[in-house]
1. Residues of segment 33-47 being exposed (fewer than 10 other Cβ atoms within 10 Å of the Cβ) and either in contact (Cβ under 8 Å) with a residue 60 or more places away in the chain or on the phi < 0 side of the Ramachandran plot (or both), which ones?
2. In the list 50, 77, which residue meets the criterion of being modelled with pLDDT of 95 or more and more than 8 Å from the chain's Cα centre (by Cα)?
3. From the residues in segment 48-59 that are free of Cβ contacts under 8 Å to residues at least 24 places away in the same chain and part of a helix (DSSP H, G or I), which one is surrounded by the fewest Cβ atoms within 10 Å (Cβ to Cβ)?
Amino acid sequence: MHTTWPFFTPEAFGIYFPPVLIWAFVALAPYLLLRWGLARAGFYRFVWHRPLFDAALYIILFGMFVLLLPSLLEVLR
């Protein structure tokens, strides 16, 4: 049975990890870079609740990865 990469279930030492966990780690790097860039630019002076904004930013990036990763892989093939 052939599975595509976005839905591949990795395994390490007998423990299976869901693909969503892998996508969450992939979304973490751009989130941290974007958060650092926004802080350096002084954007957070205009944000009312920084932790809430950061959580929403991560959820948006994670959603983009989940929705766009399968179509991105189709384009790359």
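1. 40, 41, 45, 46
2. Being modelled with pLDDT of 95 or more and more than 8 Å from the chain's Cα centre (by Cα) holds for just one of 50, 77, which is 50.
3. So, considering only residues that are free of Cβ contacts under 8 Å to residues at least 24 places away in the same chain and part of a helix (DSSP H, G or I), the one surrounded by the fewest Cβ atoms within 10 Å (Cβ to Cβ) is 51.
The values are calculated or read from the model by the stated rules, or taken from the named source; none is laboratory data. Keep in mind the model is a prediction, meaning the values are calculated, not measured. Counting neighbours? That spans all protein chains shown, and the Cβs are built from the backbone with ideal geometry, glycine included.
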